[in-house]
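Undergrad: This is the structure I have questions about; it appears just below.
Only the coordinates and a few stated rules stand behind these numbers; no lab work does. Every value quoted in this text rests on a predicted model; they were computed, and no experiment measured them. Note that we place each Cβ from the backbone using ideal geometry, even for glycine, and neighbour counts take in every protein chain shown.
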2 protein chains.
Amino acid sequence: MSTMTIAKKYVELCRNNQNHTALETLFSPDVVSVEAGAPPGASKEVRGLKAVVEKGKQWMEAHEVHSGRVEGPWPHDDRFIVRFSYDVTNKPSGQRFQMEEAALLTVENDKIVREEFFYSTEG
Amino acid sequence: MSTMTIAKKYVELCRNNQNHTALETLFSPDVVSVEAGAPPGASKEVRGLKAVVEKGKQWMEAHEVHSGRVEGPWPHDDRFIVRFSYDVTNKPSGQRFQMEEAALLTVENDKIVREEFFYSTEG
């Protein structure tokens, strides 16, 4: 599969809120997931599909998603960029906010081996 | 300067069609610029600010820009992503098309040292 084929499947699954299926079918068991920022004491980097699935599950449990938009993909060799915009409420705080970010994904041997999230960590 | 400060200046200058000023003030003399695709025989990679300025000049001469949109920046450590959407006409062919791409820029010592453009090269 070309990077663009994988990228299009990824975007389609994310658009249909099937992120879990994307992780199961398109990601390497050894995937590394890197955030732009992390709370004090927490790591920006998570290694392994199991840990990445758990991170996504925790995020979904802590947020109510009112609406979302997934744009792209834009490919370059074995990488591609996707843009995410979400209107969400953080359940613990009750705070509603607009989440704007871009993801840079790297493909190796037909699997996504690295995902890096780009967003502002300024207050 | 933080990466975000440089990123915001970059976006502001691009929005005001001052790409030349962005190159002059924010880029390293040794910047490397990489396209997602290139015509047969041409290189995807251009090295050095002078060559990058020349590449931009040639593109501007070959295209009429009807309107454009610059979104972002989305930062992650010493890199940031910007999205470009342009409505342009290629002058030699007369063909009008929507250009959709994302750029991944890398900052080192307060200068942009690498720009990589992400877009579909499929027909």
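Undergrad: Under the Kirkwood approximation for Rh and a Cα-based Rg, what ratio Rg/Rh is obtained for segment A:3-118?
TA: 0.95
Undergrad: Per residue of A:68-76, what is the mean number of Cβ atoms on other protein chains within 10 angstrom of that residue's Cβ?
TA: 6
Undergrad: Once you place label points 7 Å from the Cα toward the Cβ at B:Asp110 and A:Ala38, how far apart are they in nm?
TA: Here the answer is 3.0 nm between the modelled labels.
Undergrad: Please compute, over every Cα-Cα pair in the protein assembly as shown, the percentage with a separation greater than 22 angstrom.
TA: Cα-Cα pairs in the protein assembly as shown separated by more than 22 Å: 57 percent.
Undergrad: Decide, for segment A:76-123, between rounded, prolate and oblate: order the square roots of the alpha carbon gyration tensor eigenvalues as a ≥ b ≥ c, take rounded if a/c falls under 1.5, and otherwise choose prolate if a/b is larger than b/c, else oblate.
TA: It comes out prolate by the Cα gyration axes.
Undergrad: Based on DSSP H runs of at least 4 residues, each adding -39500 (n - 2.57), what is the mean residue ellipticity at 222 nm of chain A after dividing by all its residues, to the nearest 500 deg cm²/dmol?
TA: Dividing the helical sum by the residues of chain A leaves -9000 deg cm²/dmol.
Undergrad: What are the nm distances, shortest first, from B:Gly37 to its equivalents in the other copies, labels at 7 Å along Cα→Cβ?
TA: Copy-to-copy label distances for B:Gly37: 3.7 nm.
Undergrad: Say the dipole of segment A:73-123 comes from +1 at the beta carbon of Lys and Arg and -1 at that of Asp and Glu; which of A:Ile112, A:Phe84, A:Gln95 then lies farthest toward its positive end?
TA: A:Gln95
Undergrad: I need the phi-derived Karplus couplings for segment B:106-122: 6.51 cos²θ - 1.76 cosθ + 1.60, θ = phi - 60°, integer Hz, Gly and Pro marked x.
TA: These are the phi-based 3J(HN,Hα) values: 10, 10, 9, 6, 6, 10, 6, 9, 8, 10, 10, 9, 10, 6, 6, 9, 7 Hz.
Undergrad: Within segment A:3-118, count lysine pairs with alpha carbon atoms under 25 angstrom apart where the residues are 8 or more positions apart or belong to different chains.
TA: 18
Undergrad: Considering only C-alpha atoms, what is the centroid distance from segment B:10-82 to segment A:85-123, in Å?
TA: So the separation of the two Cα centres works out to 25 Å.
Undergrad: Going 7 Å from the Cα of A:Glu64 along its beta-carbon direction, which residues of segment A:73-93 have the amide nitrogen within less than 19 Å of the resulting point?
TA: Residues A:86-93 fall inside that zone.
Undergrad: What are the label-to-label distances in nm, one decimal and shortest first, from B:Tyr86 to the same spot in the other copies, with labels 7 Å along Cα to Cβ?
TA: 3.3
Undergrad: Put +1 on the Cβ of each Lys and Arg and -1 on the Cβ of each Asp and Glu in the protein assembly as shown; which of B:Ser67, A:Pro75, A:Ser43 then has its Cα farthest toward the positive end of the dipole?
TA: So the residue furthest toward the plus end is B:Ser67.
Undergrad: Now for a different question. Which chymotrypsin sites (Phe, Trp or Tyr not before Pro) in segment B:44-123 sit in a loop by DSSP (not H, G, I, E or B) and have at most 13 other Cβ atoms within 10 Å of their own Cβ?
TA: Loop-located and lightly packed - none at all.
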